Amino acid sequence: MTRMEVIGMMASGALTGVQAADILGLCPRQLRRLRRRYEIFGDAGLMDGRFGLSRKKRVPEATIEQLCRLKRDVYPDFSLRHFHEQVVEKHGLEVSYTFTRDVLQLRGVVSKALGRGKYRRKRERRPLVGMMLHLDASTHEWIPELPMQDLVVMLDDADGRILYARFVEQEGTRSTLEAIAHVLRRRGRFCELYTDRGSHFCRTEKAGQGPAQEQAGQVARVLRALGIRQILARSPEARGRSERCFGTIQGRLPQELRLHGTRSYEEANRYLEDQFIADFNRRFTVEPAERGSAFTGLAGLDLALLVSIQHQRIVANDNTVTFGKLSLQLPRLRERLHLARCPVVVHELLDDSLGVSFGGKLIARFNRQGAALPTLSNRAA
């Protein structure tokens with residue numbers, strides 16, 4: 001009745017819109033909606049839709065009981081959004097997310113979430129895919145009763161798509177190079193890589209200071225050779241996009257691994273490749289601001305040699321190279337009689353073998369025990 005009276009007074013000109021909104025405790029925008037409903041539906045348009053016959057009463061009680069049972073018994077550790085996706089897609093329940101949330105909160109199955117903090121504006125995404133990639137890792141109890149491992153994830157800034165994800169014992173140089181090599185082979189060269197300031201990403205000369213001006217690490221060398229700009233974040237908050245991505249993954253992946261009976265990280269890596277990445281990208285990828293791609297092809301580059309851990313060595317007089325406790329015997333080449341006293345590079349390749357290159361070409365490969373492996377280089381008969 002108060003709404004009818006105030007709206008009538010506003011229609012007659014006795015009250016201004018601001019005065020009417022103040023009396024009803026509404027913002028001017030909501031008051032304009034209310035007035036349009038009154039003009040279309042009359043007095044019925046002013047009734048609060050939360051009273052009377054609610055949707056909760058139209059949904060069968062059996063469906064509500066099934067929702068509560070599934071949340072308690074099958075999906076206790078799933079977030080509300082994740083749980084709603086499962087019951088709709090796998091159990092065929094035709095209920096909205098809002099209804100599911102309200103019912104579970106009213107029945108005491110879940111508690112209400114805390115309110116959001118103050119508003120902060122997000123950094124605008126890059127307009128094209130391939131312009132900026134985020135690379136980060138998260139340590140978490142992914143599989144109960146197993147040691148925690150790091151999940152390395154590389155995602156595109158433009159659309160939020162996961163391009164690479166894999167469990168490793170500990171994030172480091174090798175895991176970083178594996179992620180970069182994977183994207184280079186599947187997509188091509190990208191423009192920028194956004195990372196934290198881990199020791200495998202950059203070198204700091206003095207504690208408390210920023211990264212050194214000249215970077216000579218393995219990752220920095222690979223990026224420099226490919227012409228990829230490296231951006232080092234100054235704080236976790238600066239990497240908000242990847243941090244939010246990990247928040248979503250931590251709220252979904254452990255629960256799905258439990259549901260599928262995963263018992264090892266090898267099985268977890270297969271689940272990542274076969275199901276989780278595709279499902280995550282289907283649900284959370286956004287449309288880039290511009291069509292097209294900033295990924296470019298890599299012609300004439302030996303990625304196996306480039307994206308590897310490299311060590312400079314000098315060949316001994318007997319054409320051997322010392323690497324750790326190994327003595328690697330180099331083969332005889334057609335191009336020259338010997339390589340004694342020549343500088344070569346020993347590569348720790350990503351397939352867990354060793355390679356030796358001279359002049360940018362692979363001349364020998366060895367396993368980790370020092371036994372020779374076949375190569376494609378030309379050798380003397």
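The values are calculated or read from the model by the stated rules, or taken from the named source; none is laboratory data. Since we're looking at a predicted model, the values are computed, not measured. Every residue, glycine among them, receives a Cβ derived from its backbone with ideal geometry; neighbour counts consider all protein chains shown. Just so you know, the surface numbers come from the protein's heavy atoms only, side chains and all, with ligands and any DNA or RNA stripped out. Shrake-Rupley method; radii C 1.70, N 1.55, O 1.52, S 1.80 Å.
Angle check, please: helix 173-186 long axis (alpha carbons) against the longest principal axis of the chain (alpha carbons), in degrees 0 to 90, nearest 10. The two axes meet at around 80 degrees.
Which whole-number percent is the relative contact order of the chain (Cα, under 8 Å, 6+ apart)?
On the way: 502 pairs, mean separation 46.0, N = 381.
The normalised contact order for the chain reaches 12 percent.
Helix 2-12 against the longest principal axis of the chain: what's the angle in degrees, Cα atoms only, rounded to the nearest 10? It is inclined by approximately 90 degrees. The range 128-146 and the range 219-256 have Cα centres lying 7 Å from one another. Assign unit charges at the C-beta atoms only (+1 for Lys and Arg, -1 for Asp and Glu), then state the dipole size of the chain relative to its Cα centre in Debye, rounded to the nearest 20. Value, rounded to 20: 840 debye.
Could you work out how far helix 240-250 tilts from the main Cα principal axis of the chain, as a 0 to 90 degree angle to the nearest 10? Helix 240-250 sits roughly 80 degrees off the main axis of the chain. Computed over Cα pairs, the Kirkwood radius of the range 84-172 leads via Stokes-Einstein (1.002 mPa s, 20 °C) to a diffusion coefficient of 125 µm² per second.
Accessible area per residue of the chain at 1.4 Å probe, in Å²? Mind dumping the intermediate values first?
On the way: 22400 Å² over 381 residues.
It amounts to 59 Å² per residue over the chain.
The accessible area of M9, taken with all protein chains in place and a 1.4 Å probe, comes to roughly 70 Å².
May I ask you to order 143-154, 283-294 by the average number of other C-beta atoms within 10 Å around their residues, highest value first?
On the way: 143-154: 16.7, 283-294: 13.5.
Listed from highest to lowest mean packing, they are 143-154, 283-294.
With helices as the sole contributors, the chain gives -9500 deg cm²/dmol at 222 nm; each DSSP H run of n ≥ 4 counts as -39500 (n - 2.57), and the sum is divided by every residue. Accessible-area rank, largest first, for Y75, Y97: Y97, Y75, with all protein chains present and a 1.4 angstrom probe.
Report the calculated FRET efficiency for E287 and E267 (r = Cβ-Cβ distance, R0 = 41 Å), to the nearest 0.05.
Values: r = 33 Å, r/R0 = 0.82.
After rounding, the FRET efficiency stands at 0.75.
Apolar share of the accessible surface for the range 212-360: 49 percent from carbon plus sulfur atoms, 1.4 Å probe. Along its three principal directions, the equivalent ellipsoid of the range 280-381 from the Cα gyration tensor extends over semi-axes of 38, 16, 12 Å, largest first.
Starting from a Cα-only point model with no solvent, please compute log10 I(q)/I(0) by Debye for the chain at q = 0.12, 0.13 1/Å. Here log10 of I(q) over I(0) equals -1.08, -1.17.
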